[in-house]
Each structure stands twice: as structure tokens, then as C-alpha cells.
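J.: Just dropping this structure here.
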Amino acid sequence: MTPAFELHRNARGRLDCTLPDGTRHESVVPVRPFPLSAPTEGLSLVGGDGHEVLWIDRLDAVPQPQRARIEEELAAREFVPVLERLISVSTFSTPSTWTVQTDRGATQFVLKGEEDIRRLDGGALLITDANGVSYRVRDRLGLDRHSRRLIERFL
């Protein structure tokens, strides 16, 4: 069970946490231990000193507006575009330039090596480009035929 707590934005736009005993922690940051495989299970509020202030078992058990503030903060921290369609690749060897359509628009990135494609549970993939940006494929078998064929060449 998650203890009652309050979250407020301070003058600098950071989250401050007040625990049930009245202890106030400034500039806390929500951190998910498993953001891709278990995004709603387990969340830590970490203080400015790097120590855990509060552990939350399930995000969906947190009442509003605290949950809304946590989700807003996480969205700003966890930028992982979803790859919806693979348009083209420059070559089937690496490094190669990929032209893709994501949930945030069309883009190009460089894949350094096949080891930068990680398989996740449920047919999902996590592709990390040469700049360290990660792209998520929710279900590689759910992609269109052209995209599946291109991706299979790298798996």
C-alpha cells in the first residue's frame, strides 16, 4: 500500500514531496525501475541527494492529482518514440541509416550495429541509434509487411 503523500511544484517548476509525518523533500524525481517491461509497477521518488524518499508499489494506486504530476514528470524524462513504420534502410550491413515513421513524426537515424536492437517481451524491440536515442517497436509482428522484412534482416 502506498502511504499518503503530497506533491507540489515549487517556484522553479520542480516537484516537492511532503510525507505523512510532515517531512518535506525538495526537487524529487520519479524513477521507474523497469520503464519498458513494467511501467506501472514500482516507482521511486528520489530526492536531490540521490536517496529514495518514497517507494510506490503501483502508479495506478496513487490518487489524482499526485499521479498526474508524476506522469507529467515521467513524460518529460522518458523520451522513447514508438517506431510505427520502417520506410527504408541505406544498407543491410551496419552502420546503416534508417528512415522511419514514429508516433512523433518521420525521422532518420544511424544504427551502429545489430547489438543495438534489443528484444523485449511480447515481440517488442528497443532500437538505440548512434546518438543514444531509443526507439520502441511495440510488436514487430504487428508492423506492416515491408517494415517486418527490413527489420528481420537485422535480427
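J.: Would you call L126 touching a Phe, Trp or Tyr at 6+ places or on another chain (Cβ under 8 Å), surrounded by 14 or more Cβ atoms within 10 Å (Cβ to Cβ), of a type outside the set (D, E, K, R) and farther than 30 Å from G13 by Cα? Let's see the steps before the verdict.
T.: Numbers: touching a Phe, Trp or Tyr at 6+ places or on another chain (Cβ under 8 Å): yes; surrounded by 14 or more Cβ atoms within 10 Å (Cβ to Cβ): yes; of a type outside the set (D, E, K, R): yes; farther than 30 Å from G13 by Cα: yes.
Yes.
J.: Can you name the residue in the stretch 82-100 that is surrounded by fewer than 16 Cβ atoms within 10 Å (Cβ to Cβ) and within 21 Å of the chain's Cα centre (by Cα) and, of all such residues, is modelled with the highest pLDDT?
T.: My answer is R85.
J.: Consider L54 carefully, then state whether it is assigned by TED's automatic domain parsing to the domain that holds L36, aliphatic (A, V, I, L, M) and within 15 Å of the chain's Cα centre (by Cα). Can you show your working first?
T.: Working: assigned by TED's automatic domain parsing to the domain that holds L36: yes; aliphatic (A, V, I, L, M): yes; within 15 Å of the chain's Cα centre (by Cα): no.
Answer is no for this residue.
J.: Taking the options L45, L7, L86, name whichever one is in contact with a Phe, Trp or Tyr (Cβ under 9 Å, 6 or more places away or on another chain) and farther than 30 Å from V100 by Cβ.
T.: On the way: L7 fails: in contact with a Phe, Trp or Tyr (Cβ under 9 Å, 6 or more places away or on another chain); L86 fails: farther than 30 Å from V100 by Cβ.
Exactly one residue qualifies, and that residue is L45.
J.: Has the stretch 69-78 got at least one residue that is at pLDDT 95 or above and surrounded by 14 or more Cβ atoms within 10 Å (Cβ to Cβ)?
T.: First pass over the stretch 69-78, keeping only residues at pLDDT 95 or above: none.
Looking for residues that are at pLDDT 95 or above and surrounded by 14 or more Cβ atoms within 10 Å (Cβ to Cβ), one finds none in the stretch 69-78, hence no.
The values are calculated or read from the model by the stated rules, or taken from the named source; none is laboratory data. As the structure is a prediction and not an experimental result, all values here were calculated from the model. Cβ coordinates were reconstructed from backbone atoms using ideal geometry, including for glycine residues, and neighbour counts include every protein chain displayed.
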